[in-house]
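Structure record follows, encoded as structure tokens.
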Amino acid sequence: MSQIWTEKYRPKEFLDFYGQEDIVSRAKAFVTEKNMPHLMFTGPAGTGKSTLSLIIVKKLYGENWRSNYLELNASDERGIDVVREKVKDFARTKSLDSNFKIIFLDEADALTREAQQALRRTMEMFTQTCRFILSCNYSSKIIEPIQSRCAVFRFKQLDREAIEKIVKHIAEKENLQLEEGIMDELFMASEGDCRRLVNILQASAVISKSITSELIGQITKTSNAEDIRSIIENALAGNFSKSKETLLEIMLIQSLQGIDIIRSIMKLIPELKIDDRLKVRLIEKCGEAEFRLVEGSDDFIQLEALLASFATAGYRSRSKPE
């Protein structure tokens, strides 16, 4: 039976959880003690916040976990009525087989300020019967009174070692052949997001059991690093026409968005063998172009202007006396 790999390979044990070892060790301690405070899981998407919550709940309650667990997505149900009705109704009833029940609020940073104030009061009132696990991308969007009532766990993007372990595990189970050097490509494409990594692998495996850099590029629609390097180096050398030609080719043939090209340029600038002051100037120009694109400006015009600013910066750098 075909399955979505993000569910098929979702960790079910603490030992299967990669990349957040410190957080996992503390979560295991809560399960061992069968007691825990309110928790706040904060960090980027795809780093295991929801998965760890499920592991904790299943370890605490065993087969009866569903009757002791309520999961809500705050981005769908973000108003004060949700807190007053669904959350309170679940929190006010005592668990029959445990000291407390657990409410998991995913994307809690999407709750309105009024809903967060109501939640703060609910957390105070039902401490004896309920514990909250709040998951969010940005803890700064959660009001301070809620943060102070929680033990905050900060999830980090998965490092290369964790990505490699996950890829090798899936490759072994699915009989995938990995091209030499593919780990670097997968690490760059996933950006430390485990969910994205697994989706890339499944999408690639549908096409071929041999996972290559070219295949990953087709799936993720990421630009070739050498093409981006050529664009930057030609612009800095004053060869604006050649730089513009490569840019146009990438945008039209590879169907890449301007914002993706700017991000690729940003990643490559620190690796260039140029003066640090010039790198600072280029990064500043990238930031300005990215802001204009987000505001709705035309992709090609802004990228062309960015290359023109690179050419100017390169000329000034060359003409500056030693």
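What the table below lists for this structure:
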item: Tally of residues being of a type in the set (Lys, Arg), farther than 18 Å from Leu39 by Cα and surrounded by fewer than 17 Cβ atoms within 10 Å (Cβ to Cβ) across region 2-27; result: 2
item: Scan of region 193-204 for residues that are surrounded by fewer than 19 Cβ atoms within 10 Å (Cβ to Cβ) and of a type in the set (Gly, Ala, Ser), ordered by number; result: Ala203
item: Pair list, Cβ under 9 Å, 6 or more apart: region 294-311 residue assigned by TED's automatic domain parsing to the domain that holds Ile283, other residue part of a loop (DSSP other than H, G, I, E, B); result: Asp299/Gln257; Ala311/Ala237; Ala311/Gly238; Ala311/Asn239
item: Breaking point among (1) in contact with a strand residue (DSSP E or B) (Cβ under 7 Å, 6 or more places away or on another chain); (2) within 29 Å of Ser25 (Cα to Cα), for Lys209; result: (2)
item: Cβ-Cβ under 8 Å pairs, at least 6 apart or on other chains, region 10-34 side in contact (Cβ under 8 Å) with a residue 24 or more places away in the chain and within 16 Å of Asp159 (Cα to Cα), far side crowded, with 16+ Cβ neighbours inside 10 Å and hydroxyl-bearing (Ser, Thr, Tyr); result: Phe17/Thr51; Gly19/Thr47; Gln20/Thr47
item: Leading residue by the ranking (surrounded by the most Cβ atoms within 10 Å (Cβ to Cβ)) among those in region 60-95 that are modelled with pLDDT under 80 and not in a helix (DSSP H, G or I); result: Ala74
item: Residue count for region 246-267, restricted to those that are crowded, with 18+ Cβ neighbours inside 10 Å and of a type in the set (A, V, I, L, M, F, W, C); result: 7
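The values are calculated or read from the model by the stated rules, or taken from the named source; none is laboratory data. Since the structure is predicted, the reported quantities are computational estimates derived from the model, not experimental observations. Positions of Cβ are generated from backbone atoms using ideal geometry, with glycine treated the same way; all protein chains shown enter the neighbour counts.
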